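Some notes on the structure that comes next.
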Amino acid sequence: MPRPSTIAIDGPAASGKSTIGGLLAERLGYLYLDTGAMYRAVAWAAIQKGLDVSDEEAISALARTLNIEIARPAGNDGRQYTVLADGEDVTWQIRDPEVDRHVSSVSAYAGVRKALTEQQRRIARQGRVVMVGRDIGTVVIPDADLKIYLDASLEVRARRRYLEIPERGEEADYESILHDMRRRDSIDSHRQVAPLRAAEDAVRVDTNNLSIAEVLRVVEELVDGWVPGVTRDTGT
Ligand code: CDP
């Protein structure tokens, strides 16, 4: 049976795309690429180097020169993959709240997006890949075989993030998570270059009342029912 070779999963923060993308890639034996980790690596490096995050030119130059590698997980600490920035393991550092606060501003710069989009397209060209992000189906691989857009309300997503944080041994405050997520959603959706939105031919999945296992089942059905060249009914 033919299978979609390039699978794009987009959606807002905590819509479940990273978890679902990782599980789906594992089941299919495909490469999994979380493009958010690349934007986070640039934001992290900018903070480390003490760059002014409002300096578009400096941040874009950093994105062009930073060597970001996303590799199979090294270590057994629950990571989905290992992120190296100029050879340094920054897998957990890029999840820092300070990175959360700055990543959307950094990601809005055209120079940053160009540098990272080029790398992502090179990877997509090899096929057998599940790529997750905000603009995969619209900009990075608009000709992806299957496009999925995962969504949920802001409150449900903030609650999911809130429940994740103590698992990592950190303190969580629901109101501040909600506030930061609302701000990030707004920057991501309103930026000029590659804003967060569903591609017209993406299948939208409302995950508000679905568990991870249920979302995975829906997504696997889409993969199994995929027919080359046929655009699916995009309702949920
Ligand atoms: O995991 P979470 O959904 O919170 O965020 P992420 O997927 O790691 O992405 C972090 C940030 O990177 C987003 O808020 C966007 O600003 C940016 N991003 C983007 O602009 N384009 C992508 N393809 C992926 C992420």
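Every number in this text was worked out from the coordinates using simple rules, so none of it is lab data. Since the model is a prediction, treat every value here as computed from it, not as a measurement. Don't worry about glycine lacking a Cβ; one is built from the backbone with ideal geometry, like all the others, and counts go over all protein chains shown.
Using the alpha-carbon positions of region 165-220, Rg (one decimal) and Dmax (whole number) come out as 15.2, 40 Å. In degrees between 0 and 90, to the nearest 10, how far off the longest principal axis of the chain does helix 174-190 point, with axes built from Cα atoms? For helix 174-190, the angle is close to 70 degrees. Checking every one of the GluC sites (Glu not before Pro) in region 156-185 against DSSP loop status and a limit of 13 other Cβ atoms within 10 Å picks out 170, 171. At a threshold of 8 angstrom on Cα-Cα distance, excluding pairs fewer than six apart, so keeping six or more, what relative contact order does the chain reach in percent? Dividing the mean separation by the residue count of the chain yields 31 percent. In region 135-235, what chymotrypsin sites (Phe, Trp or Tyr not before Pro) fall in a loop by DSSP, with at most 10 other Cβ atoms inside 10 Å? Answer in residue order: no site qualifies. Amide H contacts of residue 203: 147, 148, 149, each under 5 Å away and 5 or more positions distant or on a separate chain (H built 1.01 Å from N in the peptide plane; Pro and chain starts excluded).
For region 125-212, the Cβ-based charge dipole about the Cα centre amounts to some 240 debye (Lys, Arg positive; Asp, Glu negative; other atoms uncharged).
Beta-bridge orientation, the chain: approximately 25 percent antiparallel, per DSSP, counting only bridges with both partners inside.
Taken over region 135-229, the convex hull of the Cα atoms encloses 117 Å³ per residue. Dipole magnitude for the chain: about 560 debye, using +1 per Lys or Arg Cβ and -1 per Asp or Glu Cβ, origin at the Cα centre. Angle of helix 212-224 to the longest C-alpha principal axis of the chain, folded into 0 to 90 degrees and rounded to 10: 50°. Loop-located GluC sites (Glu not before Pro) across region 41-109 with a Cβ neighbour count of 12 or fewer within 10 Å are lacking, with loop assigned by DSSP. Computed over the alpha-carbon atoms, the chain gives an Rg to Rh ratio of 0.94, Rh here being the Kirkwood radius from the mean inverse distance. When DSSP beta bridges are restricted to pairs lying wholly in region 1-138, around 40% turn out antiparallel. According to the Cα-based calculation, Rg over Rh for region 63-171 is 0.96, with Rh computed by the Kirkwood formula. To the nearest 10 degrees, how steep is helix 17-28 against the longest Cα principal axis of the chain, on a 0 to 90 scale? With rounding to tens, the tilt is 50 degrees.
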